[in-house]
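See below for the structure under consideration.
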Amino acid sequence: AISYASGDSNPADGRCETFDGVFGAIDQYYGRMNLLAWMNMIDYQCGVAIHPANKLTLSADYHRFMLAESKDSWYYGTGNSLRRDKTGSAGRDLGQEIDLTAKYDVPIGKSRLGKTLRKLELMAGYGHFIPGHFIKRTGPAGDADWVFAQVTLSF
């Protein structure tokens, strides 16, 4: 899949042409690490999910991030501008992200609270980001790692 949000080809002219999605789409659409907003970006993504056991899902997702316009900013998941090269010479390559997740739907019964527990889901994941040329040419550029765990209860 490809996600695209336009950037501003000439930020100095006073007209903002950067796409701004009214409602943010974060945490799975453009990488689970939330390093990009849906602004001035192209996200080439692919993923696979397998079900090795009943109620268990393992998935892997790959993202290749590029700037849509080299003179516009790299926007963080919050929509704030992180870095910008006004000349455009740093290129458009933001980097790559790999996300791994595991989800298990726990068999349920009656809870101790006296209510019927409809759903109990355990989920954990890991993400790794490798910075591209744009990031390396505009500031600190170390790899980033991210881990999460969550429990979802539905009554």
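The values are calculated or read from the model by the stated rules, or taken from the named source; none is laboratory data. Here the structure is a predicted model, which is why all the values come from computation and not from measurement. Glycine also receives a Cβ, built like all others from the backbone with ideal geometry; neighbour counts cover every protein chain displayed. Note: accessible area is taken over every heavy atom of the protein model, side chains too, but ligands, DNA and RNA are not part of it. Shrake-Rupley method; radii C 1.70, N 1.55, O 1.52, S 1.80 Å.
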Just one listed residue, out of Lys119, Lys103, is farther than 24 Å from Asp13 by Cβ, at pLDDT 95 or above and in contact with a Ser or Thr (Cβ under 7 Å, 6 or more places away or on another chain), and it is Lys103
The condition of being open to solvent by 60 Å² or more (accessible area, probe 1.4 Å) and modelled with pLDDT of 95 or more holds, among Arg15, Arg64, only for Arg64
In segment 34-52, which residue that is among the hydrophobic types (A, V, I, L, M, F, W, C) and open to solvent by 20 Å² or more (accessible area, probe 1.4 Å) is modelled with the lowest pLDDT? Trp38
Note: among Leu58, Leu94, just one is touching a Pro at 6+ places or on another chain (Cβ under 9 Å), at pLDDT 95 or above, within 23 Å of Asp20 (Cα to Cα) and surrounded by 11 or more Cβ atoms within 10 Å (Cβ to Cβ), namely Leu94
Strands (runs of 3 or more DSSP E) completely within segment 1-72 that count 3 or more residues being closer than 15 Å to Thr101 by Cα and touching a strand residue (DSSP E or B) at 6+ places or on another chain (Cβ under 7 Å): 41-53, 56-66
